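Contents: one structure, followed by commentary.
The values are calculated or read from the model by the stated rules, or taken from the named source; none is laboratory data. Everything quoted here is computed from the prediction, not taken from an experiment. So basically every Cβ, Gly included, is an ideal-geometry build from the backbone, and we count neighbours across all protein chains shown. Heavy atoms of the whole protein, side chains included, go into the accessibility calculation; ligands, DNA and RNA do not. Shrake-Rupley method; radii C 1.70, N 1.55, O 1.52, S 1.80 Å.
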Amino acid sequence: EHYYMIDVGETQIVLNRWGTLHATGYPLYVMVGNVLVALLRGLGVSAATAPGVTSLLYGLVALGLIYGLALVVMGERQRWLAAGMVVVYGLTRTVWIHNAIAEIYSFGLVLLAGLLLLALWPRPVRGRVYWLALIGGIGVFHHRALLMVAPALLYAVWGEVVGDARGGGREAYGRLARRVVVCLALGLAGFAQYLYLPLRAMSGAAWVYGEPQTWDGFWDQFLGREASRFIGAPATFEGLLANLNLINTVLVTDLTAAGIGLGLVGLVVGLATPARRRATITLVLSGGAAYGFHVLLYTDVLSALVLPVTLTLAFGWLLLAEWAVERARQMGGWRWAGWVGAGVVGGLMSVTLVGQNWRFIHELTTNPTGGETITLAKGAPAGSTLMLDWGPRHFAVGFARDVLGELTDVRLVSHKADLRTAAAAGELVTLDFTFYNRPIEWWEAQLGERVYLWAAAARLVVIDPQPRRVDVSGEGIAVEAAEVSCTATTIHLTVDWVTASPITEGLSVFVHLRDAADAVLAQDDRSAPVYGWWPVTRWTVGEVVRDVYSLPRVAGGTRIVYGMYRQLADGRFENVREYTAAVDCGDEQR
C-alpha cells in the first residue's frame, strides 16, 4: 500500500497486455514499455519481472545521460568526480526504487536529463531550439510535471531563441515570431501519442482505464481530472506548512540532511564561479521550479517533481567536490587531500544511503500481499463477481486473470462498478478486509436494499440481497451443517449457523484445535461471525450464515471444539453453544 507501489500492479498488467494506464494515460511510456516487455519475455524474463526490468533499463540510460551532463558542466577532467556523483545519486531512494519497480518515473528522468544535456551542450547544435521544443513537447505530454524544466531550458538557450531579433527591425521580429510558432507546433506534436488511448479501447484491449474511446472519457484521461484534488494553492498558512513539511521530509529521506546542506553549498559555489554559473543557474531553475510547484500548488508526493530537485542538489555535490579539489591543488603538497575528502564524503553518503534504502526497497519489492490476494481470490465461486477496491490487491487479481490466464471464471470489478447489476448476475463477493473501507452501509447504498453476509471461502465474503433460509424450530443459535477439510498447511472448518429466534446480545465465536489431552494447539476466535462483520444481532430467523475458519496443520490435532460465547460483566467468558468436529486429514498429509 506504500505510495511508491500503489500503481505498480496496474503497470505490470498494462505493459504485458498493450492496455492503457490511469490518467493521464502516459501513452508513450506504455507503447515503448510494451515493446521492451515483449522482447524481455521472449528472452525468458517472467511477466511479473519484465516491466520492472524496463524501469532499470530507463534508469541506466538516465544515469548515463546525467554522467554526460556532468562532463558537459564540469569538463572531461572531472570525469571521476562525475562518476562518483552519479553512483551516489543512483543510491538515493526515489531513483533507486524507480529503477526497480514498474513505474513511469525513470522514463521521465531520461527525458529530463536528455533535455538538460541538449540545452547545455557546449558546441553548436543545428536546430537546438527546435529539438528542445519537439522532445520537450513529447516529454510534457508524457508527464505534465516536465513542464517545470521549461524556464531552465529557456534560460540556457535564450540567445538562440531570440537570435538576431535583439537588433530590432520588422524582419528580425518576424523571424522570431516564426521561430516561436514553429516551436509551439513541434511541442504540440507530442499530443499525437494520445491517439493510442482511444485506439486501444476501440480495439478491445484487455485492460483499459476509463472510457478513452468517448469524447468526455478521452479528455478526462488527457487532463487527469481525477488528480485535480491534489492541485491548487493551500487555503491556509497551515496548509502551506504541511506542503513544505511533506516535500522536505521526502528530500531529507532521499538525500539526508547533510546531503541537502552540501548540495546547497555547492550550488552557491557554482553561482560564484563564472565558468559554472550558466549551468548552475539552469539547474537551479529546473529544481527550483519543481520545488516551488510542489510547495505552492501540489498537496501530495509526486516523484516527477522530487527528481528534478534531487538532481539539482546532486550537481551541487559535484560543484562542491570540484571546489574542494581545486582548493587543495592550489595548496601544492595537499593536492591529494581534496580527492581523499571527496572520496570519503561520497563513500559515507553511499554507505548511509544503502543502509537506509536497501531493506526498505527489498521489503517493498518482496511483499507477499499480491500473491496472497491471488490465492484467496481462487476461492471465489465460479461465475461470481469479485469486488476489490482499485489498488494493489485489485491489480494482483487482474494480473492473475489477464496476464497469467487464471481466475477466468470470476469477474473482477472495482468499487466504481454498478454493483446492483453485478449482484443480479450472480454472487457478489469481496475479501473480508474490504469492509474496513466499505462497511455494510456502503454496500446497502450501492445495491439499494438490505444485504446479508456469509463466507464463501477463507476470507471471502458474499454480499447477498436475499439470504439463504431453512425451516427451523426451537430457540437460539444452532449448527445446520459443519465440515472439516484440509490442505497441506491448513485445516478449514465450514459451519452453517442458523437461529430460530432473534438474538439481542452480541455473541462471539471460538474455534479451537485440540489434541487428545484436550490441550488447545491453535485457535481462530472472532468477535462475530463472518470475520467479525456479521454480528448475530443482525441475523433474521431461519437465515443460514455460513462461516469458514482456518487453523494451521499442527501435529497432534485430533478435533476442533467450536461454538459461541459471551463476555460477562466481570470480564469472564461463558460458552453459549459448544460443538465438536473430528479432524481426519488423511495419512498422506500427516
Tell me whether the range 306-322 contains one or more residues that are touching a residue at least 24 places away in the same chain (Cβ under 8 Å) and open to solvent by 40 Å² or more (accessible area, probe 1.4 Å). no
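To keep it simple, each residue is scored yes or no on (1) touching a strand residue (DSSP E or B) at 6+ places or on another chain (Cβ under 9 Å); (2) under 19 Å from ASP7 (Cβ atoms).
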site: ALA380; (1), (2): yes, no
site: SER384; (1), (2): yes, no
site: VAL397; (1), (2): yes, yes
site: THR408; (1), (2): no, no
site: VAL413; (1), (2): yes, yes
Kindly indicate whether LEU188 is of a type outside the set (S, T, N, Q), in a helix (DSSP H, G or I), touching a residue at least 12 places away in the same chain (Cβ under 8 Å) and open to solvent by 50 Å² or more (accessible area, probe 1.4 Å). yes
Residues being surrounded by 15 or more Cβ atoms within 10 Å (Cβ to Cβ), part of a loop (DSSP other than H, G, I, E, B), of a type outside the set (Lys, Arg) and under 36 Å from the mean Cα position of the chain (by Cα) - total across the range 449-495: 3
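So, of the residues in the range 191-213 that are of a type in the set (A, V, I, L, M, F, W, C) and not in a loop (DSSP other than H, G, I, E, B), which turns out to be nearest to the chain's Cα centre (by Cα)?
That would be LEU197.
Residue-wise test of (1) at pLDDT 95 or above; (2) under 23 Å from GLY108 (Cα atoms).
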site	(1), (2)
GLY239	no, no
VAL252	yes, yes
GLY261	yes, no
LEU285	yes, yes
TYR291	yes, yes
LEU297	no, yes
LEU302	no, yes
LEU311	yes, yes
In the range 408-445, what count of residues is obtained for those that are surrounded by fewer than 20 Cβ atoms within 10 Å (Cβ to Cβ) and without any contact (Cβ under 8 Å) to a residue 40 or more places away in the chain? 20
Heads up, the strands (runs of 3 or more DSSP E) in the range 360-436 (entirely inside) with at least 3 residues that are hydrophobic (A, V, I, L, M, F, W, C) are 428-431
Any residue in the range 478-489 that is closer than 24 Å to SER508 by Cβ and touching a residue at least 60 places away in the same chain (Cβ under 8 Å) sitting within a Cβ distance under 9 Å of a residue that is open to solvent by 50 Å² or more (accessible area, probe 1.4 Å) and aliphatic (A, V, I, L, M)? List the pairs, counting only those 6 or more apart or interchain. ALA478/VAL472; GLU480/VAL472; VAL484/ALA582
Please tell me if THR558 is of a type in the set (Ser, Thr, Tyr), in contact with a helix residue (DSSP H, G or I) (Cβ under 8 Å, 6 or more places away or on another chain) and either closer than 22 Å to ALA456 by Cβ or touching a residue at least 40 places away in the same chain (Cβ under 8 Å) (or both). no
Anything in the range 520-562 that is open to solvent by 50 Å² or more (accessible area, probe 1.4 Å) and either closer than 25 Å to SER501 by Cβ or assigned to a strand (DSSP E or B) (or both)? List them, or say none. VAL520, LEU521, GLN523, ASP525, SER527, TRP533, THR537, ARG538, VAL541, ARG546, PRO552, ARG559
Could you check the range 239-256 and list, in sequence order, the residues that are under 18 Å from TYR4 (Cα atoms) and among the hydroxyl-bearing types (Ser, Thr, Tyr)? THR249, THR253
Of the candidates GLU238, GLU211, GLU226, GLU171, the one satisfying the condition of being open to solvent by 70 Å² or more (accessible area, probe 1.4 Å) and in contact (Cβ under 8 Å) with a residue 60 or more places away in the chain is GLU226
Scan the helices (runs of 4 or more DSSP H) fully inside the range 81-152 and keep the ones with 3 or more residues being buried (at least 20 other Cβ atoms within 10 Å of the Cβ) and free of Cβ contacts under 8 Å to residues at least 60 places away in the same chain. 105-120, 128-142
Conditions: (1) open to solvent by 30 Å² or more (accessible area, probe 1.4 Å); (2) assigned to a helix (DSSP H, G or I). ASP300 meets all but one. Number of the miss? (2)
LEU28 - would you say it is buried (at least 22 other Cβ atoms within 10 Å of the Cβ) and at pLDDT 95 or above? no
